[in-house]
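Report on one structure; see the data block that follows.
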Amino acid sequence: MAQAISEINSHGTYRVPSQKDDDSIFTEKATSLNDLYGLIEERYLYNIAKHALTVGISTCLVDINDENLKKTLLFRKVTFDIKKITERLYYVRLGKDLILDYYLIKDGETRDKSRTFYLFISDDNRARTILHTFFRNAKPYFESSLISQQDIFDIIDEFAESTQTKLLFVDGTLKMPGETRRIWKKKPQAYDRELLTRIASENRGRWSSIAVQTEDNRMKFRVYEEGFVTLHYGSYKQLYTYVVLPLLRKIDEKSSIFREVEKNAPFDSSLKIIQLTYATEIDKETLFQIKDLLSTKYISSVLHAGNPYLHMELIDRKDFSNLALFASGNKIEIIPGRGVTFSTLIEIVALLLDILPTLQIHIKPAEGD
């Protein structure tokens, strides 16, 4: 990642855009990273782009030209056409029912050297939705991300501190039990982490995305819990250095915990499980809601539902991960089985958080607390 910092800070002056320029970063194909950064910067620094820039972060287990990855995507009828531009920059067309263009940047390794970070960049407003579908279909090779509400706050705070900039809260997505609501202000107000935390707590919810702008209105961006960032306008150099890189570090930190569960399954001597705890006892209605949702997503066997108590055996339809789920009282426990993957662990936790947004995540040995 250090290499990327030097490159993004080293490119020269930007060509001043004319009124005849098309606003898309794909109109004139980038021939290098510096060229791509220039194309992005001139459109978003000068605020002539029609759509927000999406930066999606993913880790990949293999080289992106790996034959098994290609065969898997071909079997699942997913397009993934790659054209190499430089050692670290690629042009990609991907999708299933809808195909979009992306620039793909190779951006360093995870702390355990087991994965490579990639940035997917597009200025199409459907880019995030298409990437979500792609990651599900590219399991277990390309992996999704998940950070917490507090991580989103930390990244925004780091941007404000590093750039010495006052920020305004524009809007956010608040996930609550049974409801997701967009919270916005007609006139942006001062960004206040404590106030936003209190709003989430009072509604038994969590912020899954937050958009802020600088007080001087030179920059506006949004951070998502799934490892996405959108730049509406402003400097991509600042976004990369003070938002994307901190987000990469957060993802690496959070993901390493889930990888411990993946790595140790299913050996009993070192088995670790995921325990999710709720503030109150999970009622029977919610347990049935969990059962119904997971039954539509996975091959499932419900061994018990009621009391309130839930026990399910699940197999992922894409990568055939298998795991068991137990829920009673205020706890849900996910017990990894043979062949369980990081992607499936992240996915099932995200699904459970959609039903109970304030679940707390813990990794613990299989025996004892």
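What follows draws every value from the coordinates through simple rules; no lab data is involved. Note that the coordinates shown come from a computational prediction; the quantities given were computed from them, not determined experimentally. Please note: Cβ atoms are built from the backbone with ideal geometry, for glycine as well, and neighbour counts cover all protein chains shown.
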For Ser114 and Asp66 in one chain, what is 0.36 nm times their gap in residues minus the Cα-Cα distance, to one decimal in nm? 15.8 nm
Return one quarter of the surface area of the convex hull spanned by the alpha-carbon atoms of region 2-144, equal to its mean projected area, in nm². 8.8 nm²
Picking from Ile147, Ile210, Pro177, whose Cα lies most toward the positive end of the charge dipole for region 111-213 (charges on Cβ: Lys, Arg +1; Asp, Glu -1)? Pro177
Mean projected area (nm²) from the convex hull of Cα positions in region 313-369 is 4.3 nm²
The computed P(r) of region 149-232 puts the percent of Cα pairs beyond 23 Å at 14 percent
Kindly flag which residue pairs out of Lys220/Lys272; Lys187/Lys297; Lys71/Lys113; Lys139/Lys250; Lys77/Lys364; Lys29/Lys50 have an alpha-carbon separation exceeding 29 Å in this structure. Lys220/Lys272; Lys187/Lys297; Lys77/Lys364
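In what sequence do Val223, Val62 fall when counting other Cβ within 10 Å, fewest first? Could the numbers behind the result be given before it?
Values: Val223 28, Val62 14.
The fewest-first ordering by Cβ neighbours comes to Val62, Val223.
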Glu285-Lys83 pseudo-label distance in nm [points 7 Å out on the Cα-to-Cβ vector]: 5.5 nm
Viscosity 1.567 mPa s, temperature 4 °C: give me the Stokes-Einstein translational D for region 270-309 in µm²/s, with Rh taken as the Kirkwood radius over C-alpha pairs. 110 µm²/s
In whole Å, how far is the Cα centre of region 227-265 from that of region 325-347? 23 Å
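Order of Met176, Met219 from fewest to most other C-beta atoms within 10 Å?
Starting with the residue having the fewest Cβ neighbours, the order is Met176, Met219.
Among Tyr102, Tyr233, which comes first, then next, by fewest other beta-carbon atoms within 10 Å?
Exposure proxy ranking, most exposed first: Tyr233, Tyr102.
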Förster radius 35 Å - calculated FRET efficiency between Asp35 and Phe75 (Cβ-Cβ, nearest 0.05): 0.50
Using 0.36 nm times the number of residues separating Arg93 and Arg249, minus their current alpha carbon distance, what extension gain do you get? 53.5 nm
No solvent, one uniform scatterer per C-alpha: report log10 I(q)/I(0) for the chain via the Debye equation at q = 0.06, 0.08, 0.12, 0.13 1/Å, two decimals. -0.24, -0.42, -0.95, -1.11
Report the extension gain between Arg126 and Thr296 in nm, rounded to one decimal, defined as 0.36 nm multiplied by the number of residues separating them, less their alpha carbon distance. 58.7 nm
Which value in deg cm²/dmol, rounded to the nearest 500, describes the helix-derived mean residue ellipticity at 222 nm for the chain, given -39,500 (n - 2.57) per DSSP H run of n ≥ 4 and division by the residue count? -10000 deg cm²/dmol
Would you mind checking the radius of gyration and Dmax of region 265-365 based on alpha-carbon positions, in Å? 12.6, 36
